[in-house]
Amino acid sequence: MKKALLLSIKPKFAEAIFEGTKVFELRKVRPRLTCGDLVLVYVTSPRCRLEGAFDVVSVIELPPEELWNVVKSGCALTKNEFDNYYFGKTVGYAIGVGSAWVLETSRNLRYLRDEEIVPPQSYRYLSASQTATLLGG
């Protein structure tokens, strides 16, 4: 079964994902994802809404200095921002973004809480029923 992950992403990075200019979502902790899994994008403050999703095409695990060479043209960060993000880390992770889409109806924070889905600080796994609810299925 396909896994679904609810991922909290800052507005400027979410927009870049939906525009197709950000094709790698960087993380310090490896989520248990594989190719074909689904990421639901919760856009953080000030928007505080589930706005879309994307298919996972890869998960890359490399030392930061090697990871930069793979993701630099598609991570929406400068080299300095990248280095600051991974400062002190021996390994970094990049989720390859496949098809990304915006939901017809975004889900605000109140809706999520009513469904007993608390937006995560970083990420959280969703059940099949939670995923269907959030995607309007």
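Every number in this text was worked out from the coordinates using simple rules, so none of it is lab data. None of the values given here were measured: they were computed from a predicted structure. Glycine also receives a Cβ, built like all others from the backbone with ideal geometry; neighbour counts cover every protein chain displayed.
Would segment 55-67 turn up any residue that is in contact (Cβ under 8 Å) with a residue 40 or more places away in the chain, assigned to a strand (DSSP E or B) and among the hydrophobic types (A, V, I, L, M, F, W, C)? Yes, segment 55-67 contains at least one residue that is in contact (Cβ under 8 Å) with a residue 40 or more places away in the chain, assigned to a strand (DSSP E or B) and among the hydrophobic types (A, V, I, L, M, F, W, C). Taking the criterion of being surrounded by fewer than 21 Cβ atoms within 10 Å (Cβ to Cβ) and of a type in the set (A, V, I, L, M, F, W, C), the residues of segment 27-44 that qualify are Val29, Cys35, Leu38.
One line per residue, one yes/no per condition, for (1) under 11 Å from the mean Cα position of the chain (by Cα); (2) more than 23 Å from Thr133 (Cα to Cα):
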| residue | (1), (2) |
| --- | --- |
| Ser8 | yes, no |
| Pro11 | no, no |
| Gly20 | no, yes |
| Gly36 | no, no |
| Gly52 | yes, no |
| Val59 | no, yes |
| Leu62 | no, yes |
| Leu67 | no, yes |
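Just to be sure I understand, how many residues within segment 106-130 are over 15 Å from the mean Cα position of the chain (by Cα) and surrounded by 12 or more Cβ atoms within 10 Å (Cβ to Cβ)? Residues in segment 106-130 being over 15 Å from the mean Cα position of the chain (by Cα) and surrounded by 12 or more Cβ atoms within 10 Å (Cβ to Cβ): 10 in total. The residues of segment 1-26 that are out of contact with any Lys or Arg (no Cβ under 8 Å at 6 or more places or on another chain) and assigned to a loop (DSSP other than H, G, I, E, B), listed by number, are Met1, Lys2, Lys10, Gly20, Thr21, Lys22, Val23. Can Thr78 be described as out of contact with any helix residue (DSSP H, G or I) (no Cβ under 6 Å at 6 or more places or on another chain), within 14 Å of Leu26 (Cβ to Cβ), surrounded by fewer than 13 Cβ atoms within 10 Å (Cβ to Cβ) and hydroxyl-bearing (Ser, Thr, Tyr)? Spelling it out, Thr78 is indeed out of contact with any helix residue (DSSP H, G or I) (no Cβ under 6 Å at 6 or more places or on another chain), within 14 Å of Leu26 (Cβ to Cβ), surrounded by fewer than 13 Cβ atoms within 10 Å (Cβ to Cβ) and hydroxyl-bearing (Ser, Thr, Tyr).
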